[in-house]
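Here's the structure, in structure tokens; my notes come after.
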Amino acid sequence: MPVVKRLLSLYLMLVGLAVAVHFIAVAWYHPGGDESYPIWEVLDWFMAAAIVIALISTFVLKRRHDAGSDTSVLEHISVNAVFYGTLAVGILFFWNWSHLLRDSGRADWLIWNFIDVALPLALVAAGRRLWRAAA
């Protein structure tokens, strides 16, 4: 089971890194306009899967830490921040993505900018936490 956790944590961290790199790179290869972004259309599916994996893994870790009374206050805050941060970004992602899929590209691009900045942080934090849990 530790191997599966390590693979999932690598997936989370790689998707987070891919989103961050592509968010920066899109300004170089596509500096404006209303055309579609085909790389984002593919990356969105990987982001959706990563959010679900991150939510499940952080929820399990949160439940484990909530059940144990010997955790420090800092650890308690850290576990809850990763879970609720991932949950908040996930809600925004799935809400905005449903608009994008349903309305043929009509979505709030300011929300996408927020998601593309916050999601890599949440995924890398969840991935690191899952990696440590596998040890």
#### Entry: Test result for ILE24, open to solvent by 60 Å² or more (accessible area, probe 1.4 Å), out of contact with any Gly (no Cβ under 7 Å at 6 or more places or on another chain) and either assigned to a loop (DSSP other than H, G, I, E, B) or modelled with pLDDT of 95 or more (or both)
no
### Task
Taking only region 34-56 into account, find how many residues are of a type in the set (Gly, Ala, Ser) and either modelled with pLDDT under 95 or touching an Asp or Glu at 6+ places or on another chain (Cβ under 9 Å) (or both).
1
### Query
Got a number for residues in region 63-97 being of a type in the set (Val, Ile, Thr) and open to solvent by 60 Å² or more (accessible area, probe 1.4 Å)?
3
### Message
Tell me yes or no: at least one residue of region 89-96 is assigned to a helix (DSSP H, G or I) and touching a Lys or Arg at 6+ places or on another chain (Cβ under 8 Å).
### Response
no
## Note on the structure
With criteria (1) open to solvent by 60 Å² or more (accessible area, probe 1.4 Å); (2) modelled with pLDDT under 90; (3) within 20 Å of ALA133 (Cα to Cα), LEU7 comes up short on (2)
### Summary
Here the qualifying pairs (Cβ atoms under 9 Å; residues six or more apart or on different chains; first in region 1-30 and closer than 22 Å to VAL117 by Cβ; second surrounded by fewer than 12 Cβ atoms within 10 Å (Cβ to Cβ)) come out as SER9/ARG132; PHE23/ASN113
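The values are calculated or read from the model by the stated rules, or taken from the named source; none is laboratory data. Keep in mind it's a predicted model, so treat the numbers as computed, not measured. Here the Cβ is made from the backbone with ideal geometry for all residues, glycine too, and neighbour counts use every protein chain on show. Side chains included, ligands, DNA and RNA excluded: accessible areas come from the protein's heavy atoms. Shrake-Rupley method; radii C 1.70, N 1.55, O 1.52, S 1.80 Å.
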